[in-house]
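The values are calculated or read from the model by the stated rules, or taken from the named source; none is laboratory data. What you see is a predicted model; the values in this text were computed from it and never measured. Cβ sites come from the backbone with ideal geometry, for glycine too, and all protein chains shown count toward neighbours. Accessible surface is based on the protein model in full, side chains and every heavy atom, while ligands, DNA and RNA are left aside. Shrake-Rupley method; radii C 1.70, N 1.55, O 1.52, S 1.80 Å.
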Amino acid sequence: MRLPDIWTGLGFACLGGFVVLRATTFPEPAGAASPRLFPYMIGSAFVLLGLAVVARSLRARRHDDGRLFRPVAEDWMRSPRRMVRVLLIPLTIVAFGLLSPAFGTLLVATPLIFLNALAWQEKPVPALVSAVVICVVVTVFFTRVMRVPLPTGPFFGPWF
């Protein structure tokens with residue numbers, strides 16, 4: 001289903017507004033860039049660009065045939081496999097956000113990446129190897145190089 005641009009723009013603007021409001025609750029250390037800077041910038045960009053899409057959609061309304069607010073079904077949506085692939089992405093993000101604090105980044109991200117690879121018709125063994133390698137490399141990069149504390153779950157020690 002293709003949503004009209006007005007709904008997409010409003011959605012991005014609302015999401016950006018939520019991110020900006022949420023970022024204002026982050027701590028702000030004196031004399032340094034705070035953790036709220038990046039989400040604030042991204043959220044603000046979402047609001048501005050979303051509103052630009054809404055304005056463009058409203059400006060083009062006079063040339064539209066009344067489909068400004070009505071969703072249009074696309075041909076690809078008739079394939080269940082494609083719909084699963086599309087829905088799996090936001091579901092994976094939500095599942096990671098909900099499960100990683102309790103179980104840790106590695107235990108949650110590995111099966112999620114594996115399931116996504118299977119949804120894209122990857123063979124099981126390469127999908128599993130890829131999921132493990134990706135999760136370990138990304139976790140080590142974020143925890144060691146970027147010094148971002150990721151949820152560890154049951155893993156403790158010098159690497160996590």
>> Testing the spin-label approximation: label points 7 Å from Cα along Cα→Cβ at residue 102 and residue 37. State their distance in nm.
In response: 3.6 nm
>> For the full complex of protein chains and a 1.4 angstrom probe, list 28, 74 by accessible area with the highest value first.
In response: 28, 74
>> Quick check: residue separation of residue 26 and residue 134 times 0.36 nm, minus the Cα distance between them. What number comes out in nm?
In response: 36.0 nm
> Once you put a point 7 Å from the Cα of residue 78 and another 7 Å from the Cα of residue 125, both along the Cβ direction, what distance in nm separates them?
Replying inline: 3.8 nm
>> Heavy atoms only, 1.4 Å probe, whole protein assembly: order 57, 130 by accessible area, highest first.
In response: 130, 57
> So for 93, 6, 134, what's the accessible-area order with a 1.4 Å probe, most first?
Replying inline: 93, 134, 6
>> Starting from the 7 Å offset along Cα-to-Cβ, what nm value, one decimal, do you get for the label separation of residue 18 and residue 94?
In response: 1.0 nm
